[in-house]
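Engineer: Let me give you the structure first, and then I'll get to my questions.
The values are calculated or read from the model by the stated rules, or taken from the named source; none is laboratory data. Since the model is a prediction, treat every value here as computed from it, not as a measurement. Note: ideal-geometry Cβ built from the backbone for every residue, glycine included; neighbour counts use all protein chains shown. Areas reflect the complete protein model, heavy atoms only, side chains present, ligands, DNA and RNA absent. Shrake-Rupley method; radii C 1.70, N 1.55, O 1.52, S 1.80 Å.
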Amino acid sequence: MTGQELLDYLRTDILKDAAEPYRWSDALILRMLSEAESRFARATYALLDSATITTEIGEPEYALPVGTIFVASAAVSTNSRDMENYTRRFIPTNLTTATGEPSMFICDERSGYIRVYPVPEAVITINLRVARLPTDVLATYSTPEIPEEYHLDLAEYAAYRLLLSNDVDGQNVGASARHEADWYKRLSDAKREYFRIRSGANPRAVRSWTFQRN
């Protein structure tokens with residue numbers, strides 16, 4: 001769906017705000033839809049992309065691509081084996097000062113940097129697989145970057161936020177809460193689906209066509 005289609009759906013079918021003067025501007029609705037997409041991408045890692053960094057001799061720290069929220073894997077371009085992710089592990093002191101081909105990395109996505117060890121002693125390319133935020137804010141002519149089956153979920157978040165912000169006398173609190181609950185339910189389902197797709201089926205949980213555990 002385009003931004004215009006989502007805007008029309010939200011204004012007409014959910015907010016019941018089809019008559020001018022509108023209670024919410026197009027710009028505000030699109031901003032809430034963009035915010036929803038960013039929250040969806042951050043929660044699900046739905047937007048996976050490839051990126052590269054080129055090392056410098058003696059330099060362990062490099063900027064991650066703008067918008068990176070998670071580094072799924074890293075590998076030296078001449079080596080098919082993934083580097084070890086030490087982000088939440090203790091790196092022995094001797095490895096932080098050793099030089100050679102990097103075999104491990106730690107990330108600080110919040111500050112936007114990745115550090116590789118051993119410290120590079122040559123110029124090499126490291127291939128990254130990253131989860132990222134949407135590249136651009138949503139416009140009437142553009143389309144959300146998350147898969148289309150989740151586009152309508154964004155409207156639930158936007159409705160929850162818009163109804164709450166326009167609550168002059170308390171009459172929208174209930175409606176806002178319903179849309180908020182629906183948003184989090186949809187987000188939870190999407191997270192579960194992405195986890196299932198990436199991790200594969202658990203043999204212990206596979207059921208037959210009779211719905212009995214195998």
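Engineer: Which members of segment 13-42 meet the condition of being in a helix (DSSP H, G or I) and of a type in the set (Asp, Glu)?
Structural biologist: Matches in segment 13-42: ASP13, ASP26, GLU35, GLU37.
Engineer: Search segment 84-107 for residues being of a type outside the set (A, V, I, L, M) and part of a strand (DSSP E or B), and hand back the single one that is nearest to GLY58 (Cα to Cα).
Structural biologist: Taking segment 84-107 and keeping what is of a type outside the set (A, V, I, L, M), we get 84-90, 92-94, 96-97, 99-103, 105, 107.
Pick out the ones that are also part of a strand (DSSP E or B) and you get 84-85, 99, 105, 107.
On the way: GLU84: 20, ASN85: 20, THR99: 8, PHE105: 15, CYS107: 18 Å.
Applying the filter and picking the extreme gives THR99.
Engineer: Let me ask another. Pick from segment 60-83 the residues that are open to solvent by less than 40 Å² (accessible area, probe 1.4 Å) and part of a strand (DSSP E or B): which of them is nearest to ARG42 (Cα to Cα)? Spell out how you get there, then give the answer.
Structural biologist: To start, the set of residues in segment 60-83 that are open to solvent by less than 40 Å² (accessible area, probe 1.4 Å) comprises 60, 62, 64, 67-69, 71, 73-76, 83.
If we keep only those that are part of a strand (DSSP E or B) as well, we get 62, 68-69, 71, 73-76.
Details: TYR62: 22, THR68: 9, ILE69: 7, VAL71: 12, SER73: 17, ALA74: 20, ALA75: 23, VAL76: 26 Å.
Selected residue: ILE69.
Engineer: Which one is nearest to the chain's Cα centre (by Cα), of the residues in segment 8-19 that are under 17 Å from TRP183 (Cβ atoms) and not aromatic (Phe, Trp, Tyr)?
Structural biologist: Pass one, segment 8-19, residues under 17 Å from TRP183 (Cβ atoms): 9-10, 13-15.
Now restrict to residues that are not aromatic (Phe, Trp, Tyr): 10, 13-15.
Numbers: LEU10: 23, ASP13: 27, ILE14: 25, LEU15: 27 Å.
Checking each candidate, the answer is LEU10.
Engineer: In addition: Go through ILE126, ILE106, ILE146, ILE114 for me and flag whichever is in contact with a Lys or Arg (Cβ under 6 Å, 6 or more places away or on another chain), open to solvent by less than 50 Å² (accessible area, probe 1.4 Å), under 30 Å from ASP82 (Cβ atoms) and β-branched (Val, Ile, Thr).
Structural biologist: Answer to the check: ILE106.
Engineer: When you scan segment 90-108, do you find a residue that is in contact with a Leu (Cβ under 8 Å, 6 or more places away or on another chain) and farther than 21 Å from LEU162 by Cα, even just one? Let's see the steps before the verdict.
Structural biologist: The first filter runs over segment 90-108 and keeps only residues in contact with a Leu (Cβ under 8 Å, 6 or more places away or on another chain), leaving 104, 107.
From the residues that got through so far, the ones that are farther than 21 Å from LEU162 by Cα too are 104, 107.
The answer is yes; a qualifying residue exists.
Engineer: May I pose another question? Before we move on, is LEU95 more than 18 Å from THR54 (Cα to Cα), surrounded by 15 or more Cβ atoms within 10 Å (Cβ to Cβ) and of a type in the set (A, V, I, L, M)?
Structural biologist: no
Engineer: For segment 108-134, how many residues are in a strand (DSSP E or B), modelled with pLDDT of 90 or more and of a type outside the set (A, V, I, L, M)?
Structural biologist: Residues meeting the conditions: 7.
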